[in-house]
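Each remark here refers to the structure printed beneath this line.
The values are calculated or read from the model by the stated rules, or taken from the named source; none is laboratory data. Note that this is a predicted model, so its numbers are computed, not measured. Don't worry about glycine lacking a Cβ; one is built from the backbone with ideal geometry, like all the others, and counts go over all protein chains shown.
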């Protein structure tokens with residue numbers, strides 16, 4: 001058996017006394033496009049954030065290509081929800097994309113010529129090279145999302161974790177993003193997206209993780225999207241908890 | 001100008017520049033009021049450190065006071081983390097009490113602490129030239145000037161070295177963490193810089209006016225530019241400008257220098273607010289006015305185009321009937337028609353308006369859009 | 001600060017009454033400021049009141065507390081309007097807007113004060129008390145003015161109770177009900193201005209803001225009901241005001257404002273620790289009880305359930321995973337189960353049922 005791109009075991013996260021994720025296992029094979037779906041409050045974003053160490057889990061661990069995330073940081077790129085940053089920040093598009101290189105550059109040192117070339121290349125790939133020196137507050141929603149994706153691209157990662165990349169973008173951008181994700185997959189990269197539109201899951205993704213505080217089901221889209229599983233995931237919190245009635 | 005005056009201006013300028021440099025990051029992180037908290041609690045640090053060292057010039061004083069600034073931030077975080085009190089209330093609880101303890105100590109031991117309430121609020125800029133530093137018999141200048149030069153140098157060095165880290169942790173701390181750039185460490189580093197700067201500034205301009213220097217010039221610069229490095233340099237320049245202008249204002253009014261510098265900071269921000277190109281109140285008003293005119297012109301063109309070449313055209317296009325059709329008053333009609341003629345959209349013949357080719361194009365564009 | 005002579009009963013009564021009055025009004029109205037997350041708006045108002053005091057004196061030459069309070073209220077209110085205008089028309093956020101105007105207004109206030117001090121008639125002596133407060137200078141007329149203004153503010157509070165409640169809780173929802181939330185917000189700011197201005201002479205411009213925050217923050221810990229919280233905050237405010245004023249009047253060189261603030265903050269600290277349900281002590285006791293109540297059988301059953309959920313060979317689970325099921329620290333229970341040979345700890349710190357443990361579960 002080959003090493004999984006991402007292997008989450010026994011992940012439990014609690015805010016105060018409330019479990020947000022409880023004993024979650026997720027395994028994502030290399031070179032696949034995986035969607036994480038589930039109702040509001042299912043812990044989808046928390047799952048990504050705890051994989052990245054942004055939220056401290058109570059238990060469990062995440063392995064990236066067989067080793068703990070902390071050792072593999074370089075190989076993981078994160079695309080947060082657009083609302084997570086202040087778009088009034090005084091900077092331009094190219095600079096935001098360059099930020100993706102900061103980990104690679106290391107403390108104190110400045111971005112060099114190669115970093116700038118990588119940023120320009122990523123801008124081209126996303127079709128926003130003409131926006132390079134635009135102030136970021138003047139971007140549309142779709143353009144902001146493209147900037148975030150370009151920023152992830154320059155990280156030259158193996159695993160891409162994306163939080164609702166299709167949220168609030170126009171149809172053209174949505175198509176462009178899907179193309180990009182497929183191109184990444186062709187290059188052997190692995191992509192995991194939090195996604196909320198059940199209609200498009202089968203079209204865009206190879207695999208699904210159905211989440212509601214616990215892992216309800218995981219596998220290919222056909223395997224997972226059974227009536228029983230969807231009822232378990234969306235039929236309310238208590239259904240997913242089985243014996244317990246939830247907190 | 002006497003050398004004493006020059007020295008005071010120099011001290012005020014260095015202080016303002018140092019405050020503005022660190023203030024930029026506070027403003028962008030929405031932590032402006034942390035400067036309020038730190039500048040207040042620093043008083044307690046200074047008093048406590050004085051009890052230990054029994055000296056008002058020891059560099060240890062500076063370090064100890066700066067430490068209380070960091071402790072304040074940690075304390076606010078601690079109270080917030082109990083989740084019993086929200087962050088704004090936590091700030092509003094922690095620093096007044098630390099400051100109060102400081103003021104009580106100063107009042108009770110006024111004789112021995114060598115600080116008084118006026119100093120706490122106003123600093124002692126006017127007397128700064130009398131307290132001088134001598135090394136091996138050589139006069140290096142006023143102690144405050146030397147202190148602020150060191151503080152400014154530390155600020156500049158830290159910002160230059162960690163520019164990239166400060167920028168990223170301010171813009172997107174989550175990405176910084178996932179890239180291994182330790183945003184918490186950077187934040188506490190920044191808080192240490194703010195505290196150090198606040199201690200230096202506290203001596204010169206007092207606690208509350210330090211807030212003005214840390215927040216107003218950066219906020220003004222933020223309205224004037226879209227690039228972080230330009231905002232930062234501009235903030236420092238505005239700060240220095242306020243310091244110089246404030247000094248002269250105080251000289252003319254024979255009033256508190258620190259207070260006048262704060263007033264100038266307010267004026268600088270107000271100017272930026274009113275006149276910032278593209279973003280100020282005036283620019284906004286002008287943009288809205290232009291949009292109103294553009295909209296009215298499009299309405300006029302569409303109206304004329306709709307009826308052009310039809311039997312009712314003359315009735316609909318007569319100048320004295322336009323008001324009734326478009327439901328505009330006389331003044332507005334005259335204004336809009338004049339603008340339309342100026343832009344070559346319509347021509348008037350015997351009281352009847354006719355579209356030009358350009359006018360027809362505008363009408364088409366307006367409709368298809 | 002000048003050393004004070006011991007006060008006679010009459011003066012002391014006036015001082016205590018004045019300080020209690022300001023505490024009641026600030027506490028009650030502070031409740032809404034804190035719930036609306038505007039704790040620091042009070043800071044801006046109180047600092048911005050200083051130039052108003054100086055201007056009122058400069059223009060009228062009178063030291064009547066009513067006039068000075070009106071001046072303070074006007075500039076305090078103006079500062080909040082400026083803050084709101086900056087936030088609405090620029091990308092500068094509220095924290096920075098507050099920081100700018102509170103410090104700039106205060107700076108202007110200091111300029112006016114120093115300028116007044118240097119005037120030849122120099123009769124301003126006493127305006128200083130508006131910086132850190134001086135309860136001992138309170139006169140009977142001052143207290144009457146404070147009480148009248150405060151009563152008026154409290155009456156408005158009662159009249160608009162329902163609207164203010166919606167504002168503090170969810171102002172967008174209020175707008176959908178057809179309540180004019182903008183207007184109610186302005187009214188709340190106006191009431192806060194009154195509350196702060198009342199306290200200026202006793203607590204001072206520098207620290208009055210914390211009388212808005214502290215009593216409300218303390219009261220919040222003891223109750224979940226808005227009405228009770230408001231009453232309690234008023235009581236805490238009165239207590240802090242009265243205790244602080246007495247202490248500062250009786251002990252020489254103890255400035256009134258800071259003393260009141262220290263007392264008020266002590267009340268908060270006690271509340272945070274000792275409040276019956278939310279308090280930190282109660283919380284610790286509760287989690288300890290939960291741990292003690294936690295039956296060993298329950299923990300064993302949880303482990304068995306976890307084992308069923310995960311297919312394949314049993315690999316054990318973290319204590320925290322079981323803990324999340326029980327919302328308690330289950331480590332002591334696991335250790336006890338290990339001692340009885342029902343579970344074992346794996347080298348990577350997971351917990352696994354032994355065969356004996358498994359049969360114990362199926363027996364139960």
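Consider residue C:38 against the criteria (1) assigned to a helix (DSSP H, G or I); (2) buried (at least 20 other Cβ atoms within 10 Å of the Cβ): it satisfies all of them except one. Which criterion is unmet?
It is condition (1) that residue C:38 fails.
Applying the selection to the stretch B:344-359, what residues are in contact with a helix residue (DSSP H, G or I) (Cβ under 6 Å, 6 or more places away or on another chain) and closer than 16 Å to residue B:307 by Cβ? Write out each step before concluding.
As a first pass, look at the stretch B:344-359 and keep what is in contact with a helix residue (DSSP H, G or I) (Cβ under 6 Å, 6 or more places away or on another chain): B:344-346, B:351-353, B:355, B:359.
Listed by number, the residues that qualify are B:345, B:346, B:351, B:352, B:353, B:355, B:359.
Test residue B:62 against the stated conditions and say whether it is surrounded by 20 or more Cβ atoms within 10 Å (Cβ to Cβ) and outside any helix (DSSP H, G or I). Step through it out loud before you land on a result.
Working: surrounded by 20 or more Cβ atoms within 10 Å (Cβ to Cβ): yes; outside any helix (DSSP H, G or I): no.
No: the conditions fail for residue B:62.
Could you tell me which numbered condition residue A:134 fails, if it satisfies all but one of (1) free of Cβ contacts under 8 Å to residues at least 60 places away in the same chain; (2) farther than 30 Å from residue C:94 by Cβ; (3) touching a helix residue (DSSP H, G or I) at 6+ places or on another chain (Cβ under 8 Å)?
(2)
Going residue by residue through the stretch C:240-251, is there one that turns out to be out of contact with any strand residue (DSSP E or B) (no Cβ under 9 Å at 6 or more places or on another chain), surrounded by fewer than 16 Cβ atoms within 10 Å (Cβ to Cβ) and in the same structural domain as residue C:205 (by TED's automatic domain parsing)? Working first, answer last.
First pass over the stretch C:240-251, keeping only residues out of contact with any strand residue (DSSP E or B) (no Cβ under 9 Å at 6 or more places or on another chain): C:240-251.
Applying the additional criterion that residues be surrounded by fewer than 16 Cβ atoms within 10 Å (Cβ to Cβ) yields C:250-251.
Remaining after also requiring in the same structural domain as residue C:205 (by TED's automatic domain parsing): C:250-251.
The answer is yes; a qualifying residue exists.
Could you tell me whether any residue of the stretch B:177-185 is in contact with a helix residue (DSSP H, G or I) (Cβ under 8 Å, 6 or more places away or on another chain), on the phi > 0 side of the Ramachandran plot and within 14 Å of another protein chain (Cβ to nearest Cβ)?
Looking for residues that are in contact with a helix residue (DSSP H, G or I) (Cβ under 8 Å, 6 or more places away or on another chain), on the phi > 0 side of the Ramachandran plot and within 14 Å of another protein chain (Cβ to nearest Cβ), one finds at least one in the stretch B:177-185, hence yes.
Filter the stretch B:325-369 down to the residues that are in contact (Cβ under 8 Å) with a residue 24 or more places away in the chain and part of a strand (DSSP E or B) and list them by number.
Within the stretch B:325-369, B:346, B:348, B:352, B:353, B:354, B:355 qualify.
State which residue pairs qualify: first residue facing chain A (nearest Cβ under 8 Å) and farther than 22 Å from residue C:355 by Cα and inside the stretch C:314-338, second residue in a helix (DSSP H, G or I) and at pLDDT 75 or above in any location, beta carbons under 6 Å apart, and separation of 6 or more residues or different chains.
C:325/C:302
If you scan the stretch A:159-176, which residues turn out to be closer than 20 Å to residue B:178 by Cβ and buried (at least 20 other Cβ atoms within 10 Å of the Cβ)? Don't jump to the end; show me each part of the working.
Keep residues of the stretch A:159-176 that are closer than 20 Å to residue B:178 by Cβ, which gives A:159-165, A:167.
Once the filter is applied, which keeps residues that are closer than 20 Å to residue B:178 by Cβ and buried (at least 20 other Cβ atoms within 10 Å of the Cβ), the stretch A:159-176 yields A:159, A:160, A:161, A:162, A:163, A:164, A:165.
Assigned to a helix (DSSP H, G or I) and more than 11 Å from chain C (Cβ to nearest Cβ): which single residue out of B:37, B:89, B:20 fits that description? Before you say what the answer is, go through the steps one by one.
Numbers: B:37 fails: more than 11 Å from chain C (Cβ to nearest Cβ); B:89 fails: more than 11 Å from chain C (Cβ to nearest Cβ).
Checking each option against the conditions leaves just B:20.
Residues that are at pLDDT below 80: list the helices (runs of 4 or more DSSP H) wholly contained in the stretch C:231-311 that include at least 3 such residues. Can you show your working first?
Numbers: elements: C:256-274, C:280-293, C:296-309.
Where helices (runs of 4 or more DSSP H) fall fully within the stretch C:231-311 and carry at least 3 residues being at pLDDT below 80, they are C:280-293, C:296-309.
Of everything in the stretch A:12-22, what is assigned to a strand (DSSP E or B) and farther than 17 Å from residue A:37 by Cβ? Give them in sequence order. Lay out the reasoning, then the answer.
Filtering the stretch A:12-22 for residues assigned to a strand (DSSP E or B) gives A:12-15, A:18-22.
Result: A:12, A:13, A:14, A:15, A:18, A:19, A:22.
Could you grab me the full set of residues in the stretch B:123-139 that are surrounded by fewer than 14 Cβ atoms within 10 Å (Cβ to Cβ) and in a helix (DSSP H, G or I)?
B:127, B:130
Does the stretch C:48-60 contain at least one residue that is free of Cβ contacts under 8 Å to residues at least 40 places away in the same chain, surrounded by 22 or more Cβ atoms within 10 Å (Cβ to Cβ) and within 23 Å of the chain's Cα centre (by Cα)?
Scanning the stretch C:48-60 turns up no residue that is free of Cβ contacts under 8 Å to residues at least 40 places away in the same chain, surrounded by 22 or more Cβ atoms within 10 Å (Cβ to Cβ) and within 23 Å of the chain's Cα centre (by Cα).
If I go through the stretch B:132-146 residue by residue, how many of them are within 16 Å of residue B:62 (Cα to Cα) and either more than 32 Å from the chain's Cα centre (by Cα) or outside the structural domain of residue B:9 (by TED's automatic domain parsing) (or both)?
Selection size over the stretch B:132-146: 1.
Is it the case that residue C:175 is farther than 30 Å from residue C:252 by Cα and within 13 Å of chain B (Cβ to nearest Cβ)? Don't jump to the end; show me each part of the working.
Working: farther than 30 Å from residue C:252 by Cα: yes; within 13 Å of chain B (Cβ to nearest Cβ): no.
Answer is no for this residue.
When you look at residue B:78, is it farther than 18 Å from residue B:198 by Cβ and assigned by TED's automatic domain parsing to the domain that holds residue B:52, yes or no? Give the steps one after another, and end with the answer.
On the way: farther than 18 Å from residue B:198 by Cβ: yes; assigned by TED's automatic domain parsing to the domain that holds residue B:52: yes.
When the stated conditions are applied, residue B:78 passes them.
Working only within the stretch A:115-157, note down all residues that are in contact with a strand residue (DSSP E or B) (Cβ under 7 Å, 6 or more places away or on another chain) and crowded, with 20+ Cβ neighbours inside 10 Å.
A:136, A:148, A:149, A:152, A:155, A:157
Is it fair to say residue B:216 is more than 21 Å from residue C:116 (Cβ to Cβ) and in contact (Cβ under 8 Å) with a residue 60 or more places away in the chain? Walk me through how you get there before you give the answer.
Numbers: more than 21 Å from residue C:116 (Cβ to Cβ): yes; in contact (Cβ under 8 Å) with a residue 60 or more places away in the chain: no.
No: the conditions fail for residue B:216.
Go through (1) crowded, with 21+ Cβ neighbours inside 10 Å; (2) part of a helix (DSSP H, G or I); (3) within 9 Å of chain C (Cβ to nearest Cβ) one by one and return the number of the condition residue B:101 breaks.
(1)
For the stretch C:324-362, which residues satisfy the criterion of being over 44 Å from the mean Cα position of the chain (by Cα), within 22 Å of residue A:60 (Cα to Cα) and not in a helix (DSSP H, G or I)?
If the condition is that a residue be over 44 Å from the mean Cα position of the chain (by Cα), within 22 Å of residue A:60 (Cα to Cα) and not in a helix (DSSP H, G or I), then C:343, C:344, C:345, C:346, C:347, C:348, C:351, C:352, C:353, C:354 are the ones that fit.
Take residue A:155 and decide whether it is assigned to a loop (DSSP other than H, G, I, E, B) and touching a residue at least 60 places away in the same chain (Cβ under 8 Å).
Details: assigned to a loop (DSSP other than H, G, I, E, B): yes; touching a residue at least 60 places away in the same chain (Cβ under 8 Å): yes.
Yes; evaluated as a whole, the condition is true for this residue.
Here is a list of conditions, (1) touching a residue at least 24 places away in the same chain (Cβ under 8 Å); (2) away from chain C (no Cβ under 14 Å), and residue B:59 meets all of them except one; can you say which number that is?
Evaluating residue B:59 over (1) touching a residue at least 24 places away in the same chain (Cβ under 8 Å); (2) away from chain C (no Cβ under 14 Å) leaves (1) as the failure.
Show me the helices (runs of 4 or more DSSP H) entirely contained within the stretch C:63-167 in which 1 or more residues are within 14 Å of another protein chain (Cβ to nearest Cβ) and surrounded by 22 or more Cβ atoms within 10 Å (Cβ to Cβ).
Numbers: elements: C:65-89, C:94-117, C:129-132, C:140-159.
Where helices (runs of 4 or more DSSP H) fall fully within the stretch C:63-167 and carry at least 1 residues being within 14 Å of another protein chain (Cβ to nearest Cβ) and surrounded by 22 or more Cβ atoms within 10 Å (Cβ to Cβ), they are C:65-89, C:94-117, C:129-132.
Taking residue C:282, is it within 12 Å of chain B (Cβ to nearest Cβ) and free of Cβ contacts under 8 Å to residues at least 12 places away in the same chain? Working first, answer last.
Values: within 12 Å of chain B (Cβ to nearest Cβ): yes; free of Cβ contacts under 8 Å to residues at least 12 places away in the same chain: yes.
Spelling it out, residue C:282 is indeed within 12 Å of chain B (Cβ to nearest Cβ) and free of Cβ contacts under 8 Å to residues at least 12 places away in the same chain.
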